[in-house]
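Quick notes on the structure that follows.
The values are calculated or read from the model by the stated rules, or taken from the named source; none is laboratory data. Small disclaimer: the values here were computed from a predicted structure and weren't measured. FYI the Cβ positions are ideal-geometry reconstructions off the backbone, even for glycines, and counts take in every protein chain you see.
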Amino acid sequence: MSAEQLAKLTADLIDCRLCPRLVEWREEVAAVKRAAFSDQDYWGRPVPGFGDHEAQVVLVGLAPAAHGANRTGRMFTGDRSGDWLYRALHRAGLATQQASTAIDDGLELINAWVTSAVRCAPPGNKPLPVERDNCSRWLEAELAALERAAVYVCLGGFGYQAMWRHLAGTGVVLPRPRPKFGHGLEVPLDETTLLCSYHPSQQNTFTGRLTEDMLDGVMKRAVAIAAGAVGNGPAPS
C-alpha cells in the first residue's frame with residue numbers, strides 16, 4: 001500500500017469516536033494536562049501508527065500513554081517507555097535518531113513501523129475488551145497495508161494477544177496451543193514471525209525485569225529475521 005493510502009487510513013482513524021469512555025478520558029486529559037506540560041497543546045485524539053510504510057519490522061504495543069502519545073500525537077513519544085524504545089531502535093539501525101520527542105522532531109524510522117492495539121489512551125492504561133475489539137478494525141487495516149512485514153515485535157502480552165487474534169482472523173495457520181508469552185519468545189509462521197519482548201514500561205524497566213541489553217537482543221533478532229537470517233533459537237536475554 002502506498003504512503004498516500006496509509007495517510008487516508010490515518011485521517012479516518014483520528015476522527016474515530018467509537019468508544020465513549022476512551023473519548024471522554026483522552027479529551028479530559030488533554031484539557032486538564034499534567035503540570036509539567038501545561039503550556040503544551042495536547043493531541044487528545046486516536047494516535048496513528050508511525051514509520052516506514054515499506055517496513056519489514058512492525059512493533060505492536062498496548063495503547064498510547066495519557067501524557068505521552070496522547071500529548072504528542074506520535075506512538076511511544078513523550079514518555080519513558082518511548083525513550084527506551086527509540087534508543088533501542090536507533091541502536092538497531094531502525095531509527096535515524098535516538099530520541100522521539102514530538103511529531104516535528106525530524107525522526108524517521110528505517111524499515112520499521114510502530115503501532116498499538118488500542119489507539120486512545122485508556123484510564124489506568126487498561127482498555128476494556130469491547131474497546132480492544134472496537135479498535136481492532138484499525139489494526140487490521142493498518143497491518144493489511146504493511147504488505148512487506150516480515151516480523152511482528154509484540155511489546156508485552158497485550159500486543160501479543162492482539163496480534164494472535166489478528167492473524168487468526170486472516171486465516172494464518174497458528175500453532176496450538178498458543179505458546180505462552182515471554183521475553184524472546186519466537187513463533188515462526190508461514191510468511192512472518194511473531195517475536196515477543198517485555199513492554200518497556202517503567203514497571204518493567206525500573207525493576208530490571210527488562211534491561212537495555214534484553215531489548216537490544218530482540219531488536220537485533222528482528223533485524224536478522226527481516227534480512228532473512230532466521231537461524232535458530234530465540235532472541236538473547
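Before moving on, here are some points about what is shown:
- Listed by position, the helices (runs of 4 or more DSSP H) contained in the stretch 67-185 that have at least 2 residues being more than 25 Å from ALA3 (Cβ to Cβ) and not charged (D, E, K, R) are 80-91, 129-145, 157-169.
- Residue within the stretch 123-139 that is in contact (Cβ under 8 Å) with a residue 40 or more places away in the chain and of a type in the set (Gly, Ala, Ser) present: no
- Which listed residue is crowded, with 20+ Cβ neighbours inside 10 Å, farther than 22 Å from SER197 by Cβ, in contact (Cβ under 8 Å) with a residue 12 or more places away in the chain and charged (D, E, K, R), from ARG34, ARG21, ARG74, ARG26: ARG26
- Residues within the stretch 135-162 that are over 21 Å from GLN203 (Cβ atoms) and either out of contact with any Pro (no Cβ under 9 Å at 6 or more places or on another chain) or of a type in the set (Asp, Glu) (or both), tallied: 16
- Residue match in the stretch 101-121 (condition: among the charged types (D, E, K, R) and either crowded, with 16+ Cβ neighbours inside 10 Å or touching a Pro at 6+ places or on another chain (Cβ under 6 Å) (or both)): yes
- PRO48 being closer than 21 Å to ALA162 by Cβ, surrounded by 19 or more Cβ atoms within 10 Å (Cβ to Cβ), touching a strand residue (DSSP E or B) at 6+ places or on another chain (Cβ under 7 Å) and not β-branched (Val, Ile, Thr): no
- All positions within the stretch 27-56 that are in contact with a Phe, Trp or Tyr (Cβ under 8 Å, 6 or more places away or on another chain) and either within 20 Å of GLU4 (Cβ to Cβ) or not aliphatic (A, V, I, L, M) (or both): LYS33, PRO46, GLY49, PHE50, GLY51, ASP52, HIS53, ALA55
- For the stretch 186-207, the candidate set comprises residues that are in a loop (DSSP other than H, G, I, E, B) and among the charged types (D, E, K, R); within that set, the residue that is farthest from ALA65 (Cα to Cα) is ASP190.
- Residue in the stretch 32-55 that is closer than 13 Å to GLU142 by Cβ, over 13 Å from the mean Cα position of the chain (by Cα) and not in a loop (DSSP other than H, G, I, E, B) present: no
- Tally of residues being out of contact with any helix residue (DSSP H, G or I) (no Cβ under 8 Å at 6 or more places or on another chain) and farther than 29 Å from PRO123 by Cα across the stretch 51-103: 4
- Test: residue in the stretch 219-236 that is modelled with pLDDT under 95, under 20 Å from ARG87 (Cα atoms) and surrounded by fewer than 15 Cβ atoms within 10 Å (Cβ to Cβ): yes
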